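The values are calculated or read from the model by the stated rules, or taken from the named source; none is laboratory data. Note that the coordinates shown come from a computational prediction; the quantities given were computed from them, not determined experimentally. Cβ placement follows ideal geometry from the backbone for every residue including glycine, while neighbour counts extend to all protein chains displayed.
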Amino acid sequence: MSSNYHITRRVAFSETDAAGIVHFSNFFRYMEDTEHAFLRSVGVSVHTQHGMRVEGFPRVSARCDYRRPLRFEDEFTIELIVTQKTEKSVTYRMRFMREGEDEPIAVGEITVVYAVREDGSGPFRAAAIPAAIDQAVTVDGE
């Protein structure tokens, strides 16, 4: 499966501040929504439960560098690229782009760790990414 994925969306009024510019916190929601859509595209969910066993991908790092504003009704694309994968973690780079423009609106990065909670109520523990997920999520260029 490709390590590149993208979604296109339009800025909703509720995502903007009084100046009509997307509030910075929404970029993190956009990145998370893109990650979830990417995982669904490879047959994986960000959160699953099998009896008492819960599996998921909690965030251990998230950042976003803002370069230009997004405004109400702007249409933009979020490009997801898998940049790094270890035995237990995946790092995604996200680029926010407008069609026809070469410079990104913003660039973000999220690192997630595969984690399991065996009894449904105890702490999550980092675990090796299952083989099926490991094969489906590849680093850009692999």
### Query
Which of (1) part of a strand (DSSP E or B); (2) farther than 27 Å from Ala127 by Cα; (3) charged (D, E, K, R) is the odd one out, the single condition Arg63 does not satisfy?
(2)
#### Entry: Ala115 vs. criteria among the small types (Gly, Ala, Ser), over 16 Å from Val42 (Cβ atoms) and more than 13 Å from the chain's Cα centre (by Cα)
yes
### Summary
Those residues of segment 106-128 that are of a type in the set (A, V, I, L, M), closer than 18 Å to Ile81 by Cβ and out of contact with any helix residue (DSSP H, G or I) (no Cβ under 9 Å at 6 or more places or on another chain) come to a total of 1
## Note on the structure
Among (1) over 13 Å from the mean Cα position of the chain (by Cα); (2) of a type in the set (Asp, Glu); (3) surrounded by 12 or more Cβ atoms within 10 Å (Cβ to Cβ), Glu109 falls short only on (1)
#### Entry: Among residues of segment 55-88, those that are of a type in the set (D, E, K, R), free of Cβ contacts under 8 Å to residues at least 60 places away in the same chain and within 20 Å of His6 (Cβ to Cβ), counted
5
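Looking at segment 90-142 only, could you name the residues that are basic (Lys, Arg), part of a strand (DSSP E or B), over 16 Å from Glu32 (Cβ atoms) and free of Cβ contacts under 8 Å to residues at least 40 places away in the same chain? Talk me through it step by step, then tell me what you get.
Applying the first criterion (basic (Lys, Arg)) to segment 90-142 yields 93, 95, 98, 117, 125.
Then keep just the ones that are part of a strand (DSSP E or B); that gives 93, 95, 117, 125.
Cutting the leftovers down to over 16 Å from Glu32 (Cβ atoms) gives us 117, 125.
Across segment 90-142, the qualifying residue is only Arg125.
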### Summary
Residues of segment 66-89 being in contact with an Asp or Glu (Cβ under 9 Å, 6 or more places away or on another chain) and in a loop (DSSP other than H, G, I, E, B), in sequence order, are Arg67, Arg68, Leu70, Phe72, Glu87
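Right, Val46: in contact with a Leu (Cβ under 7 Å, 6 or more places away or on another chain), surrounded by 11 or more Cβ atoms within 10 Å (Cβ to Cβ) and at pLDDT below 95 or not?
Yes, satisfied.
Of these, Arg40, Arg29, which one is in contact with a helix residue (DSSP H, G or I) (Cβ under 9 Å, 6 or more places away or on another chain), assigned to a helix (DSSP H, G or I), exposed (fewer than 14 other Cβ atoms within 10 Å of the Cβ) and among the charged types (D, E, K, R)?
Values: Arg40 fails: in contact with a helix residue (DSSP H, G or I) (Cβ under 9 Å, 6 or more places away or on another chain).
Testing whether each residue is in contact with a helix residue (DSSP H, G or I) (Cβ under 9 Å, 6 or more places away or on another chain), assigned to a helix (DSSP H, G or I), exposed (fewer than 14 other Cβ atoms within 10 Å of the Cβ) and among the charged types (D, E, K, R) leaves just Arg29.
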### Query
Is there a residue being surrounded by fewer than 17 Cβ atoms within 10 Å (Cβ to Cβ), aromatic (Phe, Trp, Tyr) and modelled with pLDDT of 95 or more anywhere in segment 4-23?
yes
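Could you grab me the full set of residues in segment 49-59 that are assigned to a strand (DSSP E or B) and surrounded by 14 or more Cβ atoms within 10 Å (Cβ to Cβ)?
To start, the set of residues in segment 49-59 that are assigned to a strand (DSSP E or B) comprises 49-50, 53-56, 59.
Result: Val54, Glu55, Gly56.
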